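Working notes, structure below.
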Amino acid sequence: MKGWRFFVPLGVFALFLGIAGYQLTQPKDDFVRSEMIGRPMPEFAMRPASPDRPGLSLADLKDGTPKLLNIWASWCIPCAAEAPHLATLRARGAPIVGVAIRDRPEDVAAFLERYGNPFDRIGADDLSELQLAIGSSGVPETFVIDGDGTIRYQHIGDIRESDVPVLMEKLREAGT
Amino acid sequence: VRAFVILLLALTALPLAAQDAMPPAPYAYRQLEDPALEARAQGLMETLRCLKCQSQSIADSDAPMAGDMRHQVRTRIAAGEDPEAIREWMMTRYGDYVSYLAAIRRPARPARDRGSLDLAPVPEDRVTFVPILLLAAAAFAFAVVALRLPRPAWALLGATLLFGLTGYALQGSPGQAGSPKAAADDLASQGAELVEARRAIYGPAPPSRFVTVADGFARRGQFADAAGILRGSLEKQPDDPEALLALANALMEHADGQLTPAAVYAYEQAERAGPGQPGPGFFLGVALIRSGRLVQARSLWAGMLEKAPADAPWRDGLAERLDRLDALIAQSGA
């Protein structure tokens, strides 16, 4: 009986369908990652988003010290969830600057009052201009910027406890 | 069928996003005065993908970020910039994802460091299709030589392989570097933990068999199925406090930890069905903490402790958690 060999093409065909079906049912990665890693931050200058911290400009990032740049907003729920972990990063010596997306000063003040203020500076990005310019696709996101103002790393979503050591390590790498 | 349902859900699910209180950007909803410029802007906006909503262009989306992108497109076009230059600017930041025309018009990538010898490179896209063609040829040779495929079947196998290659040519992206990544948070283990935590309160006597079955689903992270079974159970026994609590937990997990009105209602019903039991209050507190409402969770748990009988076995455990919550609140500076 040699007829089985005629089923080889059918088997190959079924294999292709199987692969396509498998790939269709795999969960996909919804993150849109920035393509700006390794590139310099654009020129920008933002007004202060809260009365008790100065605003943010490119010159502030190019002062030689690597920093965390946290993109957040008072209306964003995960931003509240990551607040304690930003405080931990701050306590471990990470300089953090903030960019408040589409936010009113009174809302920013209320949020910081409630969840703490780990930021040295907070710029207001009312038209998401800086956010678009650095390839950030939502809030919260955290970028590691080195002392020359080059983007080194992007963390998408809220910072969890397990992300704290990763960000500290990336910050250290950016300083070498 | 399940896979199909998941696919449907993935296609129709809208991201639950909080909205800001700011007015939309000036040119988010306002057209440019000059109809010719507006038409150019419109053409570009219809082919830029909304970053927050996946299957809409920024022209169709009401997401604030899409509004800010429209504002940027319109103001830059009004300033005389070429639409394709703006598309390239976007793609330099967000990659192919942001443009519906990405596959057709790929912007020039920055030159890779090729050392001092700047040889004329073969376009990457062409080189990368070589392995798959070799693989197809090898498969054909294997079938003919090793499996001794009869000659009449050669054309059939050839057609099948071409079918596979066509699919690869349409969907494959061999030019893209591999990107290994860490496993995502295991939803299942979270479900198992929740079940164990609940059983620790109500155990050791086993729950109703409906709850047992539902727990099986919850352990595997299939919270919608668990909730479905529990609803069936509650139609028969509406006052089973453990089933009500399991339903509340399943609803909360299914909403990715968001405390929905339905979940809150289920917690309330669980409390009503089994007054004095710590389960509903405890898990509602956990849900509140996960939604960032620490202070509310604190007052809930503090109230429970106050009312708890002095000999309640769960007193110490709750008191300890309350202390930890206080530390968390102090840390976040509330």
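No lab work stands behind these numbers, since they all come straight from the coordinates. All values reported here derive from a predicted model rather than from experimental measurement. With ideal geometry, Cβ positions are generated from the backbone for all residues, glycine too; neighbour counts draw on all protein chains shown.
Positive contributions from Lys and Arg (+1) and negative ones from Asp and Glu (-1), summed over other residues with Cβ under 12 Å from the Cβ of B:Ala143, come out at +3. Evaluated with a Cβ-only charge set (Lys, Arg +1; Asp, Glu -1), segment A:21-176 carries a dipole of roughly 220 debye about its Cα centre, given to the nearest 20. Counting Cα-Cα pairs of segment A:11-109 in 10 Å increments starting at 0 gives whole-percent bin shares of 11, 31, 28, 9, 11, 8, 1.
In the protein assembly as shown, helical runs assigned H by DSSP with n ≥ 4 each contribute -39500 (n - 2.57); averaged across all residues and rounded to the nearest 500, the mean residue ellipticity at 222 nm is -16000 deg cm²/dmol.
Averaged across A:76-84, how many Cβ atoms of other chains sit within 10 Å of each residue's Cβ atom? Mind dumping the intermediate values first?
On the way: counts 4, 9, 2, 2, 5, 6, 1, 6, 7.
Whole-number average of other-chain Cβ neighbours for A:76-84 is 5.
Among the GluC sites (Glu not before Pro) in segment A:22-110, those located in a DSSP loop and surrounded by at most 11 other Cβ atoms within 10 Å of their own Cβ are A:Glu43.
Each of B:Asp316, A:Asp158 was scored by other Cβ atoms within 10 Å of its Cβ. Arranged with the fewest first, they read B:Asp316, A:Asp158.
For chain A, averaging the sequence separation of C-alpha pairs within contact (under 8 Å, six or more residues apart) and dividing by the residue count gives a relative contact order of 30 percent.
Dipole check for the protein assembly as shown: with +1 at the C-beta of Lys and Arg, -1 at the C-beta of Asp and Glu, and the Cα centre as origin, the magnitude is about 1820 Debye. Relative to the longest principal axis of the Cα atoms of chain A, the long axis of helix A:8-25 lies at roughly 20 degrees.
The distance linking segment B:240-255 with segment A:96-160 is 36 Å (Cα centroid to Cα centroid, whole angstrom). Ordering B:Ile289, A:Ala94, B:Ser233 by the projection of their Cα atoms onto the charge dipole of the protein assembly as shown, which places +1 on the Cβ of Lys and Arg and -1 on the Cβ of Asp and Glu, puts B:Ser233 at the extreme positive end.
Diffusion of segment A:87-176 by Stokes-Einstein, at 10 °C in a medium of 1.306 mPa s and with Rh set to the Kirkwood radius over alpha-carbon pairs, works out to 113 µm²/s.
Are there trypsin sites (Lys or Arg not before Pro) in segment A:1-63 that DSSP marks as loop and that have at most 13 other Cβ atoms within 10 Å, and which are they?
Working: sites: A:Lys2, A:Arg5, A:Lys28, A:Arg33, A:Lys62; in loops: A:Lys2, A:Lys28, A:Arg33, A:Lys62.
Loop-located and lightly packed - A:Lys2, A:Lys28.
How well do other chains shield peptide A:8-15, expressed as the mean number of their Cβ atoms within 10 Å of each residue Cβ? Across the residues of A:8-15, the mean count of other-chain Cβ atoms within 10 Å is 6.
Measuring max minus min along each principal axis, the C-alpha atoms of segment B:133-291 give extents of 78, 34, 26 Å (largest first).
The coefficient of translational diffusion for segment B:191-277, derived via Stokes-Einstein from the alpha carbon Kirkwood radius under 25 °C and 0.890 mPa s, stands at 197 µm²/s. The angle between the Cα long axis of helix A:105-115 and the longest principal axis of the Cα atoms of chain A comes to about 80 degrees, rounded to the nearest 10.
Charge dipole of segment A:74-130 (Cα centre as origin; +1 on each Lys and Arg Cβ, -1 on each Asp and Glu Cβ, all else neutral): 280 debye, rounded to the nearest 20.
Using the alpha carbon gyration tensor of chain A, what are the three equivalent-ellipsoid semi-axes (square root of 5 times each eigenvalue), largest first, in whole Å? Numbers along the way, then the final one.
Working: eigenvalues 377, 64, 50 Å².
Those come to 43, 18, 16 Å.
For the segment A:126-137, counting C-beta atoms of other chains within 10 Å of every residue's C-beta and taking the mean gives 6.
Convex hull volume of the C-alpha atoms in the protein assembly as shown, normalised per residue: 228 Å³.
Taking square-rooted eigenvalues a ≥ b ≥ c of the alpha carbon gyration tensor, is segment A:96-146 rounded, prolate or oblate, where a/c under 1.5 means rounded and, failing that, a/b exceeding b/c means prolate? It is oblate, given that a/c is not under 1.5 and a/b is not larger than b/c. Counted by neighbouring Cβ atoms within 10 Å, the residues B:Val144, A:Val108 run from fewest to most as B:Val144, A:Val108. Going by neighbour counts of Cβ atoms within 10 Å, the residues B:Ser99, B:Ser173 line up, fewest first, as B:Ser173, B:Ser99.
Relative to the first principal axis of the alpha-carbon coordinates of chain A, what is the inclination of helix A:163-174, with its axis defined by its Cα atoms, in degrees from 0 to 90 and to the nearest 10? It works out to around 70 degrees.
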